[in-house]
1. I'd like to verify a number: residues in region 44-68 that are surrounded by fewer than 13 Cβ atoms within 10 Å (Cβ to Cβ) and farther than 13 Å from residue 3 by Cα, how many?
2. Considering only region 34-43, state which residues are surrounded by 14 or more Cβ atoms within 10 Å (Cβ to Cβ) and either out of contact with any strand residue (DSSP E or B) (no Cβ under 7 Å at 6 or more places or on another chain) or closer than 11 Å to residue 12 by Cβ (or both).
3. Looking for whichever is modelled with pLDDT of 95 or more and among the basic types (Lys, Arg) here; the options are 44, 26, 66. Which one fits?
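The values are calculated or read from the model by the stated rules, or taken from the named source; none is laboratory data. Note that the structure is a prediction, hence the values are computed from the model and not measured. Virtual Cβ from ideal backbone geometry, glycine too; neighbours counted across all protein chains shown.
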Amino acid sequence: MKVMGYHISVKQISAAELSEVAKDTRFLSGYWDDKTLTIYLLKRDGVKEKRRTLWHELDHAITDLRDSE
């Protein structure tokens, strides 16, 4: 997906995989990695939860990308 001219990847991963990319994952359903420009979503979540998490992580991405310009 393209956001503000940047290509952002979205990947669905397991909880174990999420713990490898994020520090404290106890309460996370997703994660924005500003170094790799990737949004991670938990595979186990339903469609509604993934949609909510995607919008939340996109907000982080837009904020980070806007601040870096």
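1. Residues in region 44-68 being surrounded by fewer than 13 Cβ atoms within 10 Å (Cβ to Cβ) and farther than 13 Å from residue 3 by Cα: 7 in total.
2. Answer for region 34-43, where residues must be surrounded by 14 or more Cβ atoms within 10 Å (Cβ to Cβ) and either out of contact with any strand residue (DSSP E or B) (no Cβ under 7 Å at 6 or more places or on another chain) or closer than 11 Å to residue 12 by Cβ (or both): 39, 40, 41, 42.
3. The match here is 44.
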